[in-house]
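Working notes, structure below.
The values are calculated or read from the model by the stated rules, or taken from the named source; none is laboratory data. In this text, all values refer to a predicted model and were calculated from it rather than measured experimentally. Here the Cβ positions follow ideal geometry from the backbone for every residue, glycine too, while neighbour counts run over all protein chains shown.
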Amino acid sequence: MTRTEIGGRLKIAGSEIALKSANLIDNKGAGVFREAVTFKHPRLSIRANFQNIDPTFSRIMDLSDADKKNLQQDLGFKRTDYAITCQATKSLLIDSYFYDSTNVTEGQTRGQTRHKIAYTPAGGPKVHLLRDDFAYVSESGNLASYSHQEIKVDHSFNVLGGVAFNSRSDVYTDREGLKDPQTTTVSENHLRSNPKAKTSFAADVVNIDYGMGRTENTQAVAVKSAAVRNLSLVAGMSSTQRSGGQSEANGQFGFEWAATKDLKMTFSLNNRDGGPKGSQQSSSFTLNGPLAKRFLFLRDITVASGANQTSLRGKQTACDNAFKFDAGLAGGKLTFDNTDKLNPKNGVYYTSRIFQYESDKDPKKPVHLTIFRQNLTTPLGTRATKRNYALDLKAAGNATMTLSSYFGKDGPNGTVNAVGGMVVKLSKQIGANTFIADYTTDSNAATARHARVVGFGVSRRISPKSSYELYYGWCDLAEKGSTEAKNVFRLKYDAKIDASHYVSFSLQRKSGVEKGSINPWEGDTVGRIDLNFDFD
């Protein structure tokens with residue numbers, strides 16, 4: 001394949017003329033012939049392209065040209081196109097495009113004419129005009145064609161703090177093959193006041209005629225007001241009339257109230273009556289922020305709440321309600337968290353009620369108390385309970401006693417495994433070593449397993465970046481009336497290189513109480529390696 005390119009550029013009197021020619025000939029003598037002539041001036045630019053592709057040319061997809069897919073579509077066509085852009089005045093821009101392409105062998109012709117006019121005076125209305133016509137015909141008649149006309153008018157009025165008017169008229173006629181042409185006519189009118197004003201409004205009228213007797217007409221109005229201090233209101237309504245039925249009416253109302261600097265309340269209500277998807281109602285409510293610095297024995301009371309409801313055709317499809325209350329109590333933090341959600345797949349409302357208290361976390365305090373209780377309904381509709389009570393007592397000589405009781409562990413898909421137990425743990429730090437002794441009871445209601453473990457262990461920080469832990473215990477595992485004695489252990493080593501890189505090795509043999517609650521093939525002994533490295 002032979003390729004020849006010739007180009008030149010001439011600048012004269014503030015203008016520029018450029019010429020470019022490219023020819024490609026394959027080994028069979030067929031070729032692609034392209035020429036481009038451009039003229040550039042600050043007020044006028046003209047571009048002319050000439051192209052001829054032999055119908056037998058077979059190497060288009062081997063070319064590196066970015067538009068080789070377009071070249072493939074023009075195979076066998078002889079085409080010319082002209083683009084003219086004229087900045088007639090400061091506020092008047094004219095852009096025209098002419099295209100003609102003929103395939104003598106196939107008896108096909110393509111043609112397009114497009115004109116754009118933009119008139120944008122500084123103080124008057126801005127007008128944009130478009131006319132675009134395209135036709136693709138053969139000896140047998142029309143293959144594809146369209147005609148598009150559009151007029152846009154934009155203007156602003158210095159009344160009511162500023163009002164913007166936008167209008168658009170669009171007519172598009174499309175024809176495929178020998179079918180009857182389809183014409184769509186769109187008429188839009190929009191009126192909007194200054195959105196930064198205390199009170200603003202918007203009005204819209206949109207009329208669409210799809211042809212064949214199908215029409216859609218919409219009228220809408222919306223108002224937003226912040227005329228009252230700390231209170232803003234939003235309201236709107238619209239109506240859409242469709243000739244084929246499924247007309248609809250929409251309404252909206254909402255407000256935002258800043259009760260204090262940090263406490264805000266919002267509410268919104270949306271209603272759709274009719275429409276292709278059916279009638280729908282939705283509402284949303286939020287209240288977030290601090291309620292009071294002090295009330296009776298509570299301090300720094302804050303609330304975070306929200307309620308979202310949606311119903312479609314009279315059936316509730318979404319429900320997401322939440323209420324969270326936090327307050328300081330006796331130097332600690334009291335929390336109540338309530339949530340309700342709808343599982344749309346099965347229609348089950350799954351709930352969660354959490355009560356939690358955590359005393360002061362100051363490590364110098366001799367007593368630390370944690371109380372956690374959760375009553376919930378899982379997404380599958382099963383009621384479950386989770387609890388965790390812990391009491392830490394510090395004594396002289398770096399000695400600590402921990403009493404804890406728990407029930408319920410998170411499982412897959414929002415389930416809760418009925419596993420519970422109690423731990424009594426004594427620890428004593430001597431130098432770099434920490435010695436522990438503990439007594440643990442565990443039970444699994446799903447598998448009817450119960451275990452008691454007595455164990456001893458030691459942990460040591462070898463350096464500021466590495467440590468190890470050794471633990472050994474004796475376990476009595478009861479299941480179905482029989483008791484099995486077994487040994488349990490835990491070996492662990494941690495090495496920290498820096499804040500982003502660490503390695504952890506662990507080997508542990510557990511009591512087996514949880515065996516089978518999630519994975520029936522799970523064993524009692526588990527080895528684990530954790531690596532963390534960040535790569536830039």
Handout entry: All positions within the stretch 368-401 that are loosely packed, with under 15 Cβ neighbours inside 10 Å, farther than 28 Å from A318 by Cβ and either of a type in the set (S, T, N, Q) or at pLDDT 90 or above (or both)
Key = L393, N398, M401
Exercise for the section: Kindly indicate which of A322, A304, A327 is surrounded by fewer than 15 Cβ atoms within 10 Å (Cβ to Cβ), in a strand (DSSP E or B) and among the small types (G, A, S). Expected result: A304
Exercise for the section: Identify the residue in the stretch 1-38 that is touching a residue at least 12 places away in the same chain (Cβ under 8 Å) and among the charged types (D, E, K, R) and, among all such residues, is nearest to M61 (Cα to Cα). Expected result: D26
Completion exercise
Going through (1) basic (K, R); (2) more than 20 Å from L403 (Cα to Cα); (3) free of Cβ contacts under 8 Å to residues at least 60 places away in the same chain one by one, R449 fails only at (3)
Exercise for the section: Tally the residues that are under 25 Å from the mean Cα position of the chain (by Cα), surrounded by 16 or more Cβ atoms within 10 Å (Cβ to Cβ) and not β-branched (V, I, T), restricting the search to the stretch 332-356. Expected result: 5
Exercise for the section: Might you check whether a residue that is modelled with pLDDT under 95, assigned to a strand (DSSP E or B), under 49 Å from the mean Cα position of the chain (by Cα) and loosely packed, with under 15 Cβ neighbours inside 10 Å occurs anywhere in the stretch 69-83? Expected result: no
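From the list V186, V206, which one is over 30 Å from S284 (Cα atoms), in contact with an Asp or Glu (Cβ under 6 Å, 6 or more places away or on another chain) and either outside any strand (DSSP E or B) or free of Cβ contacts under 8 Å to residues at least 60 places away in the same chain (or both)?
V186
Counting just the residues of the stretch 243-288 that are assigned to a loop (DSSP other than H, G, I, E, B) and among the basic types (K, R), which one comes out surrounded by the most Cβ atoms within 10 Å (Cβ to Cβ)?
Looking at the filtered set, the residue picked out is K277.
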Practice task
Give L477, L470, L531 a once-over and let me know the one that is at pLDDT below 90 and touching a Gly at 6+ places or on another chain (Cβ under 8 Å).
Solution key: L477
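Residues of the stretch 100-114 being in a strand (DSSP E or B) and out of contact with any Phe, Trp or Tyr (no Cβ under 8 Å at 6 or more places or on another chain), which ones?
If the condition is that a residue be in a strand (DSSP E or B) and out of contact with any Phe, Trp or Tyr (no Cβ under 8 Å at 6 or more places or on another chain), then D100 is the only one that fits.
Each row is one residue, and each column tells you yes or no for (1) acidic (D, E); (2) more than 47 Å from the chain's Cα centre (by Cα); (3) farther than 30 Å from L334 by Cβ; (4) part of a strand (DSSP E or B).
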| site | (1), (2), (3), (4) |
| --- | --- |
| Q374 | no, no, no, yes |
| K394 | no, yes, no, yes |
| T400 | no, yes, no, yes |
| K425 | no, no, no, yes |
| Y439 | no, yes, yes, yes |
| A446 | no, no, yes, no |
Completion exercise
Of the candidates L191, L143, the one satisfying the condition of being buried (at least 16 other Cβ atoms within 10 Å of the Cβ), more than 37 Å from the chain's Cα centre (by Cα) and hydrophobic (A, V, I, L, M, F, W, C) is L143
Practice task
Kindly indicate the residue of the stretch 428-440 that is surrounded by fewer than 17 Cβ atoms within 10 Å (Cβ to Cβ) and not hydrophobic (A, V, I, L, M, F, W, C) and also nearest to A390 (Cα to Cα) among those meeting that condition.
Solution key: Y439
Fill in the blank from the handout: Scanning the stretch 346-360 residue by residue, those outside any strand (DSSP E or B) and either touching a strand residue (DSSP E or B) at 6+ places or on another chain (Cβ under 7 Å) or at positive phi (or both) turn out to be G347, S359, D360
Problem - Boolean, G123 is surrounded by fewer than 14 Cβ atoms within 10 Å (Cβ to Cβ) and either on the phi < 0 side of the Ramachandran plot or assigned to a strand (DSSP E or B) (or both) - result: yes
Completion exercise
Per the filter on the stretch 140-193, residues among the acidic types (D, E) and more than 24 Å from V223 (Cβ to Cβ) are E150, D170, D174, E176, D180
Exercise for the section: Kindly indicate whether any position in the stretch 255-266 is closer than 30 Å to P366 by Cα, polar (S, T, N, Q) and out of contact with any Lys or Arg (no Cβ under 8 Å at 6 or more places or on another chain). Expected result: no
